[in-house]
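A short worksheet on the structure shown next.
The values are calculated or read from the model by the stated rules, or taken from the named source; none is laboratory data. Small disclaimer: the values here were computed from a predicted structure and weren't measured. Note that each Cβ is placed from the backbone with ideal geometry, even for glycine, and that neighbours are counted across all protein chains shown.
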Amino acid sequence: MATPIANRTAKLTIEGGPDGETETIELPLYAGTEGPDVIDIGKLTAQGFFTYDPGFVSTAACESSITFIDGDAGILLHRGYPIEQLAEQSTYLELCYLLLNGELPSAQNLDEFVKTITRHTMVHDQLRNFFNGFRADAHPMAIMCGVVGALSAFYHDSLDIDDPSHRLITAHRLIAKMPTLAAMSHKFSQGQPFMYPRNDLDYASNFLYMMFGSPCEDYEVNPVLARAMDRIFLLHADHEQNASTSTVRLAGSTGANPFACIAAGIAALWGPAHGGANEAVLNMLSEIGSFKNIDKYIAKAKDKDDPFRLMGFGHRVYKNYDPRAKVMQQTCKEVFEELGVEDDPMLKMAQRLEKIALEDEYFVEKRLYPNVDFYSGIILKAMGIPVDMFTVVFATGRTPGWIAQWNEMVSSSYKIGRPRQLYNGPSARDYVAIDQR
Ligand code: SDX
(Lines give C-alpha, C1' and ligand atoms only; values in the text may rest on other atoms or scores of the structure.)
Protein backbone atom coordinates (compact mmCIF):
# COMPACT_ATOMS: atom_id res chain seq x y z
CA MET A 1 0.00 0.00 0.00
CA ALA A 2 1.38 3.47 -0.90
CA THR A 3 2.76 5.44 2.07
CA PRO A 4 2.95 9.25 2.27
CA ILE A 5 6.35 10.85 1.67
CA ALA A 6 7.52 12.46 4.92
CA ASN A 7 7.77 16.26 4.87
CA ARG A 8 6.36 16.50 1.35
CA THR A 9 2.80 17.77 0.91
CA ALA A 10 0.82 19.22 -2.00
CA LYS A 11 -1.12 22.34 -1.05
CA LEU A 12 -4.08 23.10 -3.28
CA THR A 13 -5.16 26.71 -2.85
CA ILE A 14 -8.58 27.54 -4.27
CA GLU A 15 -9.27 31.27 -4.44
CA GLY A 16 -12.37 33.27 -5.30
CA GLY A 17 -14.91 31.10 -3.54
CA PRO A 18 -18.64 32.14 -3.66
CA ASP A 19 -18.06 34.50 -0.71
CA GLY A 20 -14.60 35.52 -1.98
CA GLU A 21 -12.97 33.13 0.43
CA THR A 22 -9.72 31.23 -0.26
CA GLU A 23 -9.27 27.70 0.95
CA THR A 24 -6.17 25.52 1.04
CA ILE A 25 -6.35 21.76 0.97
CA GLU A 26 -3.31 19.69 1.94
CA LEU A 27 -2.85 16.45 -0.02
CA PRO A 28 -0.30 13.70 0.69
CA LEU A 29 2.23 12.57 -1.92
CA TYR A 30 3.42 9.01 -2.49
CA ALA A 31 6.64 7.90 -4.19
CA GLY A 32 7.04 4.70 -6.25
CA THR A 33 10.36 2.98 -7.00
CA GLU A 34 10.40 4.60 -10.45
CA GLY A 35 8.44 7.38 -12.14
CA PRO A 36 6.70 10.54 -10.92
CA ASP A 37 5.44 10.97 -7.36
CA VAL A 38 1.65 10.89 -7.12
CA ILE A 39 -0.72 13.22 -5.30
CA ASP A 40 -3.49 11.45 -3.37
CA ILE A 41 -6.65 13.43 -4.18
CA GLY A 42 -8.95 11.01 -2.35
CA LYS A 43 -10.17 13.53 0.20
CA LEU A 44 -11.15 16.20 -2.37
CA THR A 45 -14.72 14.84 -2.64
CA ALA A 46 -15.25 15.49 1.08
CA GLN A 47 -14.05 19.04 0.41
CA GLY A 48 -16.66 19.42 -2.34
CA PHE A 49 -14.44 18.93 -5.41
CA PHE A 50 -13.74 16.33 -8.11
CA THR A 51 -10.62 16.35 -10.27
CA TYR A 52 -11.13 16.53 -14.04
CA ASP A 53 -8.85 14.46 -16.29
CA PRO A 54 -10.60 13.14 -19.46
CA GLY A 55 -8.60 10.24 -20.91
CA PHE A 56 -6.79 9.92 -17.58
CA VAL A 57 -3.73 11.66 -19.04
CA SER A 58 -2.42 12.64 -15.57
CA THR A 59 -4.14 10.02 -13.43
CA ALA A 60 -2.55 7.03 -11.70
CA ALA A 61 -5.55 4.72 -11.26
CA CYS A 62 -3.75 2.05 -9.26
CA GLU A 63 -0.49 0.92 -7.69
CA SER A 64 1.38 -1.80 -9.59
CA SER A 65 4.76 -3.53 -9.63
CA ILE A 66 4.44 -5.33 -12.95
CA THR A 67 5.48 -2.95 -15.77
CA PHE A 68 7.17 0.45 -15.81
CA ILE A 69 7.27 2.82 -18.79
CA ASP A 70 9.31 6.00 -19.08
CA GLY A 71 7.75 7.58 -22.16
CA ASP A 72 10.29 10.38 -22.50
CA ALA A 73 13.26 8.02 -22.35
CA GLY A 74 11.59 5.21 -24.31
CA ILE A 75 12.06 2.73 -21.47
CA LEU A 76 9.89 -0.36 -20.89
CA LEU A 77 10.61 -2.67 -17.93
CA HIS A 78 8.74 -5.86 -17.03
CA ARG A 79 9.32 -6.57 -13.32
CA GLY A 80 12.47 -4.42 -13.76
CA TYR A 81 13.87 -6.23 -16.81
CA PRO A 82 14.30 -4.08 -19.98
CA ILE A 83 12.21 -5.20 -22.95
CA GLU A 84 15.28 -5.19 -25.20
CA GLN A 85 17.01 -7.80 -23.00
CA LEU A 86 13.87 -9.91 -22.67
CA ALA A 87 13.32 -9.83 -26.45
CA GLU A 88 16.93 -10.87 -27.06
CA GLN A 89 17.42 -13.47 -24.30
CA SER A 90 14.03 -14.62 -23.02
CA THR A 91 10.98 -16.38 -24.45
CA TYR A 92 7.30 -15.52 -24.38
CA LEU A 93 6.37 -18.20 -21.82
CA GLU A 94 9.28 -17.22 -19.59
CA LEU A 95 7.97 -13.63 -19.68
CA CYS A 96 4.48 -14.95 -18.86
CA TYR A 97 5.95 -16.61 -15.78
CA LEU A 98 7.81 -13.40 -14.86
CA LEU A 99 4.69 -11.23 -15.22
CA LEU A 100 2.61 -13.63 -13.12
CA ASN A 101 5.18 -14.41 -10.40
CA GLY A 102 7.42 -11.33 -10.25
CA GLU A 103 10.73 -13.20 -10.65
CA LEU A 104 12.46 -15.07 -13.49
CA PRO A 105 11.94 -18.84 -13.18
CA SER A 106 14.63 -21.39 -12.44
CA ALA A 107 15.16 -23.92 -15.21
CA GLN A 108 12.96 -26.36 -13.30
CA ASN A 109 10.22 -23.78 -12.66
CA LEU A 110 10.19 -22.87 -16.35
CA ASP A 111 10.06 -26.49 -17.45
CA GLU A 112 7.10 -27.15 -15.14
CA PHE A 113 5.35 -23.95 -16.29
CA VAL A 114 5.77 -24.81 -19.97
CA LYS A 115 4.44 -28.32 -19.36
CA THR A 116 1.43 -26.90 -17.47
CA ILE A 117 0.62 -24.43 -20.24
CA THR A 118 1.05 -27.15 -22.87
CA ARG A 119 -1.42 -29.39 -21.06
CA HIS A 120 -4.08 -26.64 -21.09
CA THR A 121 -3.90 -25.75 -24.81
CA MET A 122 -6.93 -27.84 -25.79
CA VAL A 123 -10.39 -26.26 -25.42
CA HIS A 124 -13.63 -28.00 -24.42
CA ASP A 125 -14.77 -29.74 -27.60
CA GLN A 126 -18.28 -28.31 -27.20
CA LEU A 127 -16.76 -24.86 -27.86
CA ARG A 128 -16.49 -25.93 -31.49
CA ASN A 129 -20.30 -25.65 -31.69
CA PHE A 130 -20.06 -22.10 -30.37
CA PHE A 131 -18.13 -21.08 -33.49
CA ASN A 132 -20.91 -22.38 -35.70
CA GLY A 133 -23.18 -19.66 -34.32
CA PHE A 134 -21.15 -17.02 -36.19
CA ARG A 135 -21.47 -16.05 -39.85
CA ALA A 136 -18.50 -17.30 -41.88
CA ASP A 137 -17.47 -13.69 -42.57
CA ALA A 138 -17.49 -12.67 -38.89
CA HIS A 139 -14.43 -10.61 -37.89
CA PRO A 140 -12.16 -12.84 -35.78
CA MET A 141 -12.13 -10.21 -33.03
CA ALA A 142 -15.93 -10.45 -32.82
CA ILE A 143 -15.53 -14.20 -32.40
CA MET A 144 -12.81 -13.82 -29.77
CA CYS A 145 -14.91 -11.38 -27.70
CA GLY A 146 -17.69 -13.98 -27.64
CA VAL A 147 -15.70 -17.16 -27.24
CA VAL A 148 -13.37 -15.92 -24.46
CA GLY A 149 -16.35 -14.61 -22.48
CA ALA A 150 -18.03 -17.97 -23.03
CA LEU A 151 -15.12 -19.79 -21.34
CA SER A 152 -16.78 -18.82 -18.04
CA ALA A 153 -19.62 -21.13 -19.09
CA PHE A 154 -17.19 -24.05 -19.21
CA TYR A 155 -14.98 -23.64 -16.16
CA HIS A 156 -17.37 -23.47 -13.21
CA ASP A 157 -14.69 -25.23 -11.13
CA SER A 158 -12.40 -22.19 -11.02
CA LEU A 159 -14.48 -19.02 -10.79
CA ASP A 160 -13.92 -18.15 -7.13
CA ILE A 161 -11.75 -15.04 -7.57
CA ASP A 162 -10.82 -15.09 -3.87
CA ASP A 163 -9.24 -18.55 -4.22
CA PRO A 164 -5.55 -18.24 -5.30
CA SER A 165 -5.63 -21.72 -6.83
CA HIS A 166 -8.63 -20.74 -8.98
CA ARG A 167 -6.86 -17.56 -10.08
CA LEU A 168 -3.73 -19.58 -10.94
CA ILE A 169 -5.44 -22.26 -13.05
CA THR A 170 -7.48 -19.56 -14.79
CA ALA A 171 -4.27 -17.72 -15.69
CA HIS A 172 -2.80 -20.95 -17.07
CA ARG A 173 -5.99 -21.79 -18.99
CA LEU A 174 -6.22 -18.33 -20.59
CA ILE A 175 -2.54 -18.15 -21.60
CA ALA A 176 -2.73 -21.69 -22.98
CA LYS A 177 -6.05 -21.47 -24.79
CA MET A 178 -5.83 -18.05 -26.43
CA PRO A 179 -3.65 -19.29 -29.36
CA THR A 180 -5.99 -22.27 -29.84
CA LEU A 181 -9.07 -20.04 -29.90
CA ALA A 182 -7.29 -17.52 -32.12
CA ALA A 183 -6.34 -20.18 -34.66
CA MET A 184 -9.90 -21.61 -34.49
CA SER A 185 -11.25 -18.11 -35.29
CA HIS A 186 -9.02 -18.06 -38.35
CA LYS A 187 -9.84 -21.59 -39.50
CA PHE A 188 -13.56 -20.92 -39.04
CA SER A 189 -13.36 -17.84 -41.26
CA GLN A 190 -11.52 -19.91 -43.89
CA GLY A 191 -14.06 -22.72 -43.76
CA GLN A 192 -11.24 -25.09 -42.86
CA PRO A 193 -11.20 -27.76 -40.12
CA PHE A 194 -9.83 -26.76 -36.72
CA MET A 195 -6.34 -28.09 -35.95
CA TYR A 196 -5.86 -29.58 -32.48
CA PRO A 197 -2.84 -28.23 -30.58
CA ARG A 198 0.24 -30.46 -30.49
CA ASN A 199 2.08 -31.08 -27.22
CA ASP A 200 5.38 -31.66 -29.01
CA LEU A 201 5.53 -28.07 -30.31
CA ASP A 202 6.58 -24.91 -28.46
CA TYR A 203 4.00 -22.19 -27.89
CA ALA A 204 4.63 -20.08 -31.00
CA SER A 205 5.20 -23.09 -33.28
CA ASN A 206 1.94 -24.58 -32.03
CA PHE A 207 0.09 -21.37 -32.91
CA LEU A 208 1.53 -21.31 -36.44
CA TYR A 209 0.74 -25.03 -36.81
CA MET A 210 -2.89 -24.51 -35.74
CA MET A 211 -3.13 -21.49 -38.05
CA PHE A 212 -1.62 -22.97 -41.21
CA GLY A 213 -1.64 -26.75 -40.70
CA SER A 214 -4.10 -29.09 -42.41
CA PRO A 215 -5.33 -32.61 -41.61
CA CYS A 216 -4.48 -33.55 -45.19
CA GLU A 217 -0.70 -33.21 -44.97
CA ASP A 218 2.18 -32.64 -42.58
CA TYR A 219 3.03 -29.02 -41.81
CA GLU A 220 6.57 -28.10 -40.85
CA VAL A 221 6.83 -24.85 -38.89
CA ASN A 222 9.68 -22.59 -40.06
CA PRO A 223 11.86 -22.08 -36.93
CA VAL A 224 12.79 -18.51 -37.96
CA LEU A 225 9.11 -17.60 -38.24
CA ALA A 226 8.35 -19.39 -34.98
CA ARG A 227 11.06 -17.35 -33.19
CA ALA A 228 9.66 -14.18 -34.75
CA MET A 229 6.14 -15.14 -33.64
CA ASP A 230 7.37 -15.82 -30.11
CA ARG A 231 9.03 -12.39 -30.05
CA ILE A 232 5.88 -10.69 -31.36
CA PHE A 233 3.87 -12.28 -28.55
CA LEU A 234 6.61 -11.23 -26.09
CA LEU A 235 6.59 -7.60 -27.26
CA HIS A 236 2.82 -7.39 -26.71
CA ALA A 237 2.72 -9.15 -23.31
CA ASP A 238 2.01 -6.17 -21.04
CA HIS A 239 2.12 -2.40 -21.13
CA GLU A 240 1.18 -0.80 -17.78
CA GLN A 241 -2.32 0.72 -17.52
CA ASN A 242 -3.25 1.03 -21.22
CA ALA A 243 -6.89 1.23 -22.27
CA SER A 244 -7.56 -2.52 -22.47
CA THR A 245 -5.70 -3.31 -19.24
CA SER A 246 -7.59 -0.54 -17.48
CA THR A 247 -10.79 -2.09 -18.86
CA VAL A 248 -9.81 -5.47 -17.42
CA ARG A 249 -9.10 -3.85 -14.04
CA LEU A 250 -12.36 -1.89 -14.05
CA ALA A 251 -14.37 -5.01 -14.93
CA GLY A 252 -12.43 -6.99 -12.32
CA SER A 253 -13.11 -4.35 -9.66
CA THR A 254 -16.79 -5.36 -9.72
CA GLY A 255 -15.85 -8.97 -8.89
CA ALA A 256 -16.64 -10.20 -12.40
CA ASN A 257 -15.08 -13.53 -13.33
CA PRO A 258 -11.66 -13.36 -15.08
CA PHE A 259 -12.92 -14.74 -18.39
CA ALA A 260 -15.49 -11.94 -18.57
CA CYS A 261 -12.79 -9.40 -17.64
CA ILE A 262 -10.41 -10.61 -20.35
CA ALA A 263 -13.28 -10.58 -22.88
CA ALA A 264 -13.85 -6.93 -21.91
CA GLY A 265 -10.15 -6.27 -22.48
CA ILE A 266 -10.33 -7.88 -25.92
CA ALA A 267 -13.27 -5.64 -26.81
CA ALA A 268 -11.37 -2.52 -25.72
CA LEU A 269 -8.23 -3.59 -27.59
CA TRP A 270 -10.19 -3.85 -30.86
CA GLY A 271 -10.35 -0.08 -31.39
CA PRO A 272 -8.04 1.37 -34.10
CA ALA A 273 -6.60 3.87 -31.60
CA HIS A 274 -5.35 0.90 -29.55
CA GLY A 275 -4.74 -2.70 -30.57
CA GLY A 276 -6.68 -2.32 -33.81
CA ALA A 277 -3.90 -0.05 -35.07
CA ASN A 278 -1.84 -2.91 -36.54
CA GLU A 279 -4.74 -3.81 -38.84
CA ALA A 280 -5.29 -0.09 -39.52
CA VAL A 281 -1.61 0.34 -40.51
CA LEU A 282 -1.94 -2.26 -43.26
CA ASN A 283 -5.22 -0.78 -44.44
CA MET A 284 -3.56 2.66 -44.46
CA LEU A 285 -0.54 1.42 -46.46
CA SER A 286 -2.93 -0.20 -48.95
CA GLU A 287 -4.91 3.05 -49.21
CA ILE A 288 -1.73 5.08 -49.80
CA GLY A 289 -0.93 2.60 -52.53
CA SER A 290 2.29 4.07 -53.90
CA PHE A 291 5.26 6.25 -52.98
CA LYS A 292 3.88 9.16 -54.99
CA ASN A 293 0.89 9.42 -52.61
CA ILE A 294 2.93 9.52 -49.39
CA ASP A 295 3.25 13.30 -49.25
CA LYS A 296 -0.52 13.68 -49.73
CA TYR A 297 -1.23 11.39 -46.80
CA ILE A 298 1.38 13.00 -44.56
CA ALA A 299 -0.39 16.31 -45.29
CA LYS A 300 -3.76 14.70 -44.43
CA ALA A 301 -2.31 13.43 -41.13
CA LYS A 302 -1.22 16.97 -40.28
CA ASP A 303 -4.49 18.61 -41.30
CA LYS A 304 -6.55 19.41 -38.18
CA ASP A 305 -9.72 19.27 -40.26
CA ASP A 306 -8.91 15.84 -41.65
CA PRO A 307 -9.71 12.87 -39.36
CA PHE A 308 -6.93 10.84 -41.02
CA ARG A 309 -4.10 9.92 -38.67
CA LEU A 310 -0.85 8.15 -39.45
CA MET A 311 -1.70 4.76 -37.98
CA GLY A 312 1.12 3.12 -36.04
CA PHE A 313 2.44 6.56 -35.08
CA GLY A 314 2.12 8.39 -31.79
CA HIS A 315 1.49 7.17 -28.28
CA ARG A 316 -0.08 8.47 -25.09
CA VAL A 317 3.02 7.68 -23.08
CA TYR A 318 5.98 7.32 -25.48
CA LYS A 319 7.19 10.71 -26.60
CA ASN A 320 10.25 8.93 -27.93
CA TYR A 321 10.70 5.85 -30.06
CA ASP A 322 8.61 2.93 -28.68
CA PRO A 323 11.35 0.45 -27.65
CA ARG A 324 9.13 -2.38 -28.88
CA ALA A 325 8.98 -0.81 -32.34
CA LYS A 326 12.78 -0.97 -32.61
CA VAL A 327 12.80 -4.69 -31.79
CA MET A 328 9.83 -5.21 -34.12
CA GLN A 329 11.73 -3.48 -36.94
CA GLN A 330 14.69 -5.86 -36.42
CA THR A 331 12.31 -8.83 -36.39
CA CYS A 332 10.80 -7.52 -39.62
CA LYS A 333 14.20 -7.62 -41.32
CA GLU A 334 14.84 -11.19 -40.09
CA VAL A 335 11.47 -12.44 -41.36
CA PHE A 336 11.78 -10.74 -44.72
CA GLU A 337 15.30 -12.10 -45.22
CA GLU A 338 14.10 -15.61 -44.31
CA LEU A 339 11.20 -15.32 -46.75
CA GLY A 340 13.36 -13.69 -49.42
CA VAL A 341 11.03 -10.69 -49.70
CA GLU A 342 13.34 -7.89 -48.60
CA ASP A 343 11.95 -5.86 -51.49
CA ASP A 344 8.32 -6.24 -50.37
CA PRO A 345 6.59 -3.03 -51.55
CA MET A 346 4.58 -2.77 -48.31
CA LEU A 347 7.81 -2.84 -46.27
CA LYS A 348 9.47 -0.31 -48.56
CA MET A 349 6.41 1.95 -48.26
CA ALA A 350 6.45 1.69 -44.45
CA GLN A 351 10.16 2.45 -44.27
CA ARG A 352 9.72 5.46 -46.56
CA LEU A 353 6.71 6.71 -44.59
CA GLU A 354 8.65 6.38 -41.33
CA LYS A 355 11.66 8.26 -42.72
CA ILE A 356 9.53 11.14 -44.02
CA ALA A 357 7.49 11.39 -40.81
CA LEU A 358 10.54 11.34 -38.54
CA GLU A 359 11.99 14.27 -40.49
CA ASP A 360 8.74 16.23 -40.66
CA GLU A 361 8.46 19.18 -38.23
CA TYR A 362 4.83 18.32 -37.30
CA PHE A 363 5.74 14.84 -36.10
CA VAL A 364 8.97 16.01 -34.50
CA GLU A 365 7.28 18.87 -32.64
CA LYS A 366 4.42 16.64 -31.42
CA ARG A 367 6.94 13.88 -30.60
CA LEU A 368 5.13 11.30 -32.72
CA TYR A 369 7.21 8.17 -33.29
CA PRO A 370 6.41 4.72 -34.64
CA ASN A 371 4.77 2.53 -31.99
CA VAL A 372 4.56 -1.22 -31.56
CA ASP A 373 1.83 -1.46 -34.19
CA PHE A 374 3.72 0.18 -37.04
CA TYR A 375 5.82 -2.82 -38.06
CA SER A 376 3.98 -5.69 -36.43
CA GLY A 377 1.30 -5.83 -39.10
CA ILE A 378 3.86 -5.87 -41.91
CA ILE A 379 5.59 -8.87 -40.34
CA LEU A 380 2.33 -10.71 -39.71
CA LYS A 381 1.23 -10.14 -43.30
CA ALA A 382 4.55 -11.47 -44.60
CA MET A 383 4.05 -14.55 -42.41
CA GLY A 384 0.72 -15.18 -44.13
CA ILE A 385 -1.51 -14.07 -41.25
CA PRO A 386 -4.62 -12.29 -42.61
CA VAL A 387 -5.01 -8.59 -41.73
CA ASP A 388 -8.20 -9.20 -39.73
CA MET A 389 -6.23 -11.57 -37.47
CA PHE A 390 -3.62 -8.96 -36.47
CA THR A 391 -5.46 -7.67 -33.41
CA VAL A 392 -6.28 -11.25 -32.43
CA VAL A 393 -2.50 -11.86 -32.34
CA PHE A 394 -2.12 -8.72 -30.21
CA ALA A 395 -4.85 -9.95 -27.82
CA THR A 396 -3.19 -13.36 -27.58
CA GLY A 397 0.15 -11.76 -26.74
CA ARG A 398 -1.41 -9.35 -24.20
CA THR A 399 -3.26 -12.04 -22.25
CA PRO A 400 -0.54 -12.65 -19.60
CA GLY A 401 -0.37 -8.91 -18.95
CA TRP A 402 -4.12 -8.60 -18.57
CA ILE A 403 -4.34 -11.59 -16.25
CA ALA A 404 -1.27 -10.56 -14.20
CA GLN A 405 -2.70 -7.05 -13.70
CA TRP A 406 -6.13 -8.50 -12.85
CA ASN A 407 -4.55 -10.92 -10.38
CA GLU A 408 -2.43 -8.16 -8.80
CA MET A 409 -5.61 -6.15 -8.14
CA VAL A 410 -7.88 -9.00 -7.01
CA SER A 411 -5.24 -10.50 -4.70
CA SER A 412 -4.84 -7.20 -2.83
CA SER A 413 -7.34 -4.81 -1.28
CA TYR A 414 -9.26 -2.94 -4.01
CA LYS A 415 -12.35 -0.80 -4.44
CA ILE A 416 -14.90 -0.90 -7.24
CA GLY A 417 -13.86 1.57 -9.93
CA ARG A 418 -16.42 4.36 -10.14
CA PRO A 419 -15.22 7.67 -11.69
CA ARG A 420 -17.34 10.83 -11.32
CA GLN A 421 -18.07 13.58 -13.89
CA LEU A 422 -18.33 17.29 -14.58
CA TYR A 423 -22.11 17.54 -15.12
CA ASN A 424 -23.28 20.17 -17.61
CA GLY A 425 -26.81 18.93 -18.27
CA PRO A 426 -30.10 20.62 -17.24
CA SER A 427 -30.64 21.47 -13.58
CA ALA A 428 -33.68 19.95 -11.84
CA ARG A 429 -36.97 20.71 -13.65
CA ASP A 430 -40.56 19.43 -13.39
CA TYR A 431 -42.07 16.88 -15.78
CA VAL A 432 -44.33 18.38 -18.45
CA ALA A 433 -47.44 16.46 -19.50
CA ILE A 434 -47.40 15.57 -23.20
CA ASP A 435 -50.39 17.76 -24.04
CA GLN A 436 -48.47 20.74 -22.54
CA ARG A 437 -45.35 20.36 -24.74
C1 SDX B 1 -1.27 0.98 -28.68
O2 SDX B 1 -1.46 2.89 -24.14
C3 SDX B 1 -0.72 1.93 -24.57
O4 SDX B 1 0.24 1.52 -23.95
C5 SDX B 1 -1.17 1.32 -25.89
C6 SDX B 1 -0.24 0.29 -26.50
C7 SDX B 1 -0.17 -0.99 -25.66
O8 SDX B 1 0.82 -1.71 -25.80
O9 SDX B 1 -1.18 -1.29 -24.96
O10 SDX B 1 1.07 0.81 -26.65
C11 SDX B 1 -0.75 -0.15 -27.88
O12 SDX B 1 -2.44 1.25 -28.63
C13 SDX B 1 -0.32 1.81 -29.49
C14 SDX B 1 -1.02 3.02 -30.20
C15 SDX B 1 -1.67 2.48 -31.45
N16 SDX B 1 -2.53 3.52 -32.08
C17 SDX B 1 -2.17 4.11 -33.23
O18 SDX B 1 -1.11 3.91 -33.82
C19 SDX B 1 -3.24 5.04 -33.79
C20 SDX B 1 -2.60 6.37 -34.22
N21 SDX B 1 -2.17 7.09 -33.02
C22 SDX B 1 -3.06 8.08 -32.48
O23 SDX B 1 -4.42 7.78 -32.59
C24 SDX B 1 -2.59 8.61 -31.12
O25 SDX B 1 -1.25 8.85 -31.24
C26 SDX B 1 -2.84 7.77 -29.88
C27 SDX B 1 -4.27 7.40 -29.73
C28 SDX B 1 -2.01 6.53 -29.90
C29 SDX B 1 -2.42 8.61 -28.69
O30 SDX B 1 -3.28 9.68 -28.66
P31 SDX B 1 -3.20 10.78 -27.46
O32 SDX B 1 -2.18 10.43 -26.46
O33 SDX B 1 -4.58 11.00 -26.98
O34 SDX B 1 -2.60 12.00 -28.18
P35 SDX B 1 -3.47 13.05 -28.90
O36 SDX B 1 -4.52 12.36 -29.70
O37 SDX B 1 -3.88 14.08 -27.92
O38 SDX B 1 -2.41 13.64 -29.94
C39 SDX B 1 -1.57 14.68 -29.56
C40 SDX B 1 -1.42 15.50 -30.86
C41 SDX B 1 -2.76 15.87 -31.48
O42 SDX B 1 -2.58 17.09 -32.17
P43 SDX B 1 -3.05 18.46 -31.42
O44 SDX B 1 -4.52 18.30 -31.06
O45 SDX B 1 -2.15 18.59 -30.19
O46 SDX B 1 -2.81 19.54 -32.45
O47 SDX B 1 -0.75 14.70 -31.84
C48 SDX B 1 -1.61 14.47 -32.94
C49 SDX B 1 -3.02 14.78 -32.48
O50 SDX B 1 -3.82 15.23 -33.57
N51 SDX B 1 -1.47 13.07 -33.30
C52 SDX B 1 -1.37 12.60 -34.54
C53 SDX B 1 -1.20 11.22 -34.40
N54 SDX B 1 -1.22 10.88 -33.11
C55 SDX B 1 -1.40 12.03 -32.43
N56 SDX B 1 -1.42 13.21 -35.75
C57 SDX B 1 -1.29 12.42 -36.83
N58 SDX B 1 -1.10 11.07 -36.78
C59 SDX B 1 -1.06 10.44 -35.59
N60 SDX B 1 -0.89 9.11 -35.53
Odd one out for Gln89, checked against (1) within 17 Å of the chain's Cα centre (by Cα); (2) exposed (fewer than 13 other Cβ atoms within 10 Å of the Cβ): (1)
Kindly provide the set of residues from the range 291-304 that are closer than 22 Å to Asp344 by Cβ and either touching a residue at least 40 places away in the same chain (Cβ under 8 Å) or of a type in the set (Phe, Trp, Tyr) (or both), ordered by number. Phe291, Ile294, Asp295, Tyr297, Ile298
Based on what the data block shows, is Ala237 in a loop (DSSP other than H, G, I, E, B) and crowded, with 22+ Cβ neighbours inside 10 Å? yes
Selection from the range 21-55 of residues away from the ligand (no atom under 16 Å from the Cβ) and either among the polar types (S, T, N, Q) or on the phi > 0 side of the Ramachandran plot (or both) yields Thr22, Thr24, Thr33, Thr45, Gln47, Gly48, Thr51
In the range 304-318, which residue that is within 9 Å of the ligand (Cβ to nearest atom) and more than 23 Å from Met328 (Cα to Cα) is surrounded by the fewest Cβ atoms within 10 Å (Cβ to Cβ)? Lys304
Confirm whether Ala107 is modelled with pLDDT of 95 or more and under 25 Å from the mean Cα position of the chain (by Cα). no
Residue that is nearest to Glu342 (Cα to Cα), among those in the range 315-331 that are in contact with a Phe, Trp or Tyr (Cβ under 8 Å, 6 or more places away or on another chain) and free of Cβ contacts under 8 Å to residues at least 60 places away in the same chain: Gln329
In the set Ala182, Ala176, Ala171, the lone residue that is over 15 Å from Ala395 (Cβ atoms) and of a type in the set (Gly, Ala, Ser) is Ala171
For the structure I just gave you, tell me whether Lys300 is within 24 Å of Lys366 (Cβ to Cβ), among the charged types (D, E, K, R) and either within 8 Å of the ligand (Cβ to nearest atom) or assigned to a helix (DSSP H, G or I) (or both). yes
Contact list please: Cβ distance under 9 Å, first residue in the range 336-348 and closer than 12 Å to Ile379 by Cα, second residue aliphatic (A, V, I, L, M) and part of a loop (DSSP other than H, G, I, E, B), pairs at least six apart or on different chains. Leu339/Met383; Leu347/Val341
Residue, farthest from the ligand (Cβ to nearest atom), within the range 340-350, restricted to residues that are surrounded by 13 or more Cβ atoms within 10 Å (Cβ to Cβ) and modelled with pLDDT of 90 or more: Met349
Going through the range 1-59 one residue at a time, which ones are in a loop (DSSP other than H, G, I, E, B), touching a residue at least 24 places away in the same chain (Cβ under 8 Å) and either hydrophobic (A, V, I, L, M, F, W, C) or in contact with a strand residue (DSSP E or B) (Cβ under 7 Å, 6 or more places away or on another chain) (or both)? Met1, Ala2, Thr3, Ala31, Glu34, Gly35, Asp37, Asp40, Phe49, Phe50, Val57
When the range 351-386 is examined, which residues are found to be within 15 Å of the ligand (Cβ to nearest atom), under 17 Å from Leu285 (Cβ atoms) and β-branched (Val, Ile, Thr)? Ile356, Val372, Ile378
Filtering the range 379-411 for residues that are surrounded by 24 or more Cβ atoms within 10 Å (Cβ to Cβ), farther than 18 Å from Gly312 by Cβ and among the β-branched types (Val, Ile, Thr) leaves a count of 3
Restrict the check to the range 249-264 and report whether at least one residue is β-branched (Val, Ile, Thr) and assigned to a loop (DSSP other than H, G, I, E, B). yes
Which residues, taken from the range 327-339, are in contact with an Asp or Glu (Cβ under 9 Å, 6 or more places away or on another chain) and surrounded by fewer than 16 Cβ atoms within 10 Å (Cβ to Cβ)? Lys333
